[in-house]
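Below is one structure, written out as structure tokens; comments come after it.
The values are calculated or read from the model by the stated rules, or taken from the named source; none is laboratory data. Keep in mind that this is a model prediction, so the values were computed, not measured. Note that each Cβ is placed from the backbone with ideal geometry, even for glycine, and that neighbours are counted across all protein chains shown.
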Amino acid sequence: MDDLSLEYRITAEAQYIIETQATVRQTAVKFGISKSAVHKDVSYKLKYIDERLYAECKLVLEKNLKERHLRGGNATKKKFEKLKEIAVTY
């Protein structure tokens, strides 16, 4: 992959994160790459490509990090509600 297409991918990832408030995991699925690659792209490489975009993206990633425990709790709650529904039908 040449440098221009790599820079394009990194900026596209950052713009996607900013526009959709997406997590690193969601971004990785969207772009078909690993979470590690997305994290390295937007946390390290982006700083040298576009500082303004880096700063905006960093704010979203920090917000997502702070909310991570809430999303996990909601996912667990939904899981057990679904299991409860299945148990009631039997």
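Below, the figures for the structure above:
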read-out	value
Residue that is surrounded by 11 or more Cβ atoms within 10 Å (Cβ to Cβ) and modelled with pLDDT under 95, where the choices are Thr89, Thr23, Thr11	Thr23
Test for Val38: is it closer than 23 Å to Arg71 by Cα and surrounded by fewer than 16 Cβ atoms within 10 Å (Cβ to Cβ)	no
Residue among Arg71, Arg25 that is of a type in the set (D, E, K, R) and touching a helix residue (DSSP H, G or I) at 6+ places or on another chain (Cβ under 6 Å)	Arg25
Those residues of segment 9-33 which are of a type outside the set (Val, Ile, Thr), closer than 21 Å to Lys66 by Cβ and assigned to a helix (DSSP H, G or I), in sequence order	Glu13, Ala14, Tyr16, Glu19, Arg25, Gln26, Ala28
Checking Asn64 against (1) without any contact (Cβ under 8 Å) to a residue 24 or more places away in the chain; (2) under 11 Å from the mean Cα position of the chain (by Cα), the condition it does not meet	(1)
Residue that is nearest to Arg71 (Cα to Cα) [pool: residues in segment 41-57 that are aliphatic (A, V, I, L, M) and in contact (Cβ under 8 Å) with a residue 24 or more places away in the chain]	Val42
